[in-house]
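Working notes, beginning with the structure itself.
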Amino acid sequence: DRLWHSTAIVERIADNQVKTLSGSIYLLQGKIDSASMRKEGFPYQFIKRFMYGFSKKWKEYVEDLLETIR
């Protein structure tokens, strides 16, 4: 039950596989920790979009979140 932080995600390979800026590829397993994300301030709608992995529209979702924050 450790939290893991990587460099920024730059590419979606599959709904459960992503590539980071450093070139590392991660296989995502298990459910998203929505309680921790809410605690960190992420809106429910944003979390909901990632409930089943990384959508092909993930970059759009992140951009929308960043626009909301600004």
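The values are calculated or read from the model by the stated rules, or taken from the named source; none is laboratory data. Bear in mind that the values here come from a model prediction, so they are computed numbers and not experimental data. Heads up, the Cβs are rebuilt from the backbone with ideal geometry, glycines too, and the neighbour counts pull from every protein chain shown. Remember, those area values only see protein heavy atoms, side chains included, never the ligands or the DNA or RNA. Shrake-Rupley method; radii C 1.70, N 1.55, O 1.52, S 1.80 Å.
Things to note:
- Residues in the stretch 29-62 that are closer than 12 Å to R12 by Cα, of a type outside the set (F, W, Y) and either surrounded by 14 or more Cβ atoms within 10 Å (Cβ to Cβ) or within 10 Å of the chain's Cα centre (by Cα) (or both): G53, S55, K59.
- Restricting attention to the stretch 1-14 and to residues that are out of contact with any strand residue (DSSP E or B) (no Cβ under 7 Å at 6 or more places or on another chain) and open to solvent by 70 Å² or more (accessible area, probe 1.4 Å), the residue that is modelled with the lowest pLDDT turns out to be D1.
- Of all residues making up the stretch 18-28, the number that are touching a strand residue (DSSP E or B) at 6+ places or on another chain (Cβ under 7 Å), free of Cβ contacts under 8 Å to residues at least 24 places away in the same chain and surrounded by 10 or more Cβ atoms within 10 Å (Cβ to Cβ): 5
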